[in-house]
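A.B. asks: One structure coming up, written as structure tokens, with questions to follow.
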């Protein structure tokens, strides 16, 4: 029974670690940094726990039961506690968050040494140690597999820690059954812990929903946690807003300014566009703008998260906004990683539109790397046009011009193809502020000659021409490096620019 417990407690421990990493990345952003810190803090705390275990001399099984009860309570309530702190006391979130991680890590670190010492009484030390460590590693593997494929999509982030906390309490019950003398006060505490976690399991969704209502100014009408991100849709009067991991993706009041600026200059620069590729844009707004051009025969939309494209197809508010674009027979949707799609695709596209989230992490930064743009250019037709959103040239100018330099560098690595001409531009979107784009064409063209040939809410010939002019306060530093997979400098530029603005 105790050997079986090793497998379960190892799986629980790893899930607590993954939940903490996911919550911190959703709230603080920068998933790579957050997961790296969480893993480091957890391992260090587990080492502290293992060291402290040597001072436990007597009543080892009883202490093990106590440890399991505390892990079940602290670990089980951890995700809810993190959401509560972020809503009510965001300024101390980091301190409280890592305090919870350390507490869980220390308790987990005590588990294995205790189990080895308990089991060595009936087995040799080497046998007990090898079996415990083998089951511990296998349990960790089970937790790592269960989290992305079962726990996150079907149980949810807030309930995941509660469910595994209950599993720790089951292990405490197993230990209690092995005790020769059962202590009433341990039974009472175990029962109270079970009741608390059951209540949390029942009301966790409502509680986290209430916390998110405090985090977002507007009424929340839809939330979902996927293996890729936290999706939140809010509404205030006629204004619908989509957030991914807490970052605003669009506001229905002014989204036309952004999406018309992203799509229409590229479509006008390629008047014979038949095949169009949209990377990202799962909400369907960019596809809506492309469908205004009757000569377009096919739109290939690639968005990694099926939950986002499902929203764009079935959520009435979004279907109204994108004018049923994702239901058009011309649109084909693939839920794949953009780089993976480009690597396997064999077709060519007249216009490639990159509408991906900002490079707010090293992971997202790869979608703005030279390797990524080289893949895009390989799929671009002889007179094709590539355009990408490129964050803010005002708030993060180094990041904006880094994207431009990276595209230019990618174009220079294709000597057999026509020369690439870069046309950076920008406009003001009230929800975002000053926002930038980079367009690359296979043939030279003058932006002042571009004029919208389709109906628009914002763009006219004068506004379109003005977007290609930059003021002095939107120039980047003197030495801007190219963003590469092995050196994601773009993420540093981006973070530094926005931190300077926020301060």
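The values are calculated or read from the model by the stated rules, or taken from the named source; none is laboratory data. What you are looking at is a predicted structure, and each value in this text was computed from that prediction instead of being measured. All Cβ positions, even for glycine, are placed from backbone atoms using ideal geometry, and neighbour counts span all protein chains on display.
A.B. asks: Could you list, in sequence order, the residues of the stretch 364-396 that are assigned to a helix (DSSP H, G or I) and under 23 Å from residue 259 (Cβ atoms)?
C.D. replies: Answer for the stretch 364-396, where residues must be assigned to a helix (DSSP H, G or I) and under 23 Å from residue 259 (Cβ atoms): 364, 367, 368, 372, 373, 376.
A.B. asks: Can you tell me which residues in the stretch 284-302 are part of a loop (DSSP other than H, G, I, E, B) and under 16 Å from residue 263 (Cβ atoms)?
C.D. replies: If the condition is that a residue be part of a loop (DSSP other than H, G, I, E, B) and under 16 Å from residue 263 (Cβ atoms), then 284, 291, 292, 293, 294, 295, 296 are the ones that fit.
A.B. asks: Here's a follow-up. Which ones in the stretch 82-97 are assigned to a helix (DSSP H, G or I) and surrounded by fewer than 17 Cβ atoms within 10 Å (Cβ to Cβ)?
C.D. replies: Listed by number, the residues that qualify are 88, 90, 91, 92, 94, 95, 96.
A.B. asks: Would you confirm whether or not the stretch 346-356 contains a residue that is within 19 Å of residue 498 (Cα to Cα) and not assigned by TED's automatic domain parsing to the domain that holds residue 241?
C.D. replies: Yes, that holds for at least one residue.
A.B. asks: Let me ask something else. Tell me, which residue of the stretch 153-180 that is outside any helix (DSSP H, G or I) and surrounded by fewer than 18 Cβ atoms within 10 Å (Cβ to Cβ) is modelled with the lowest pLDDT?
C.D. replies: Here the answer is 180.
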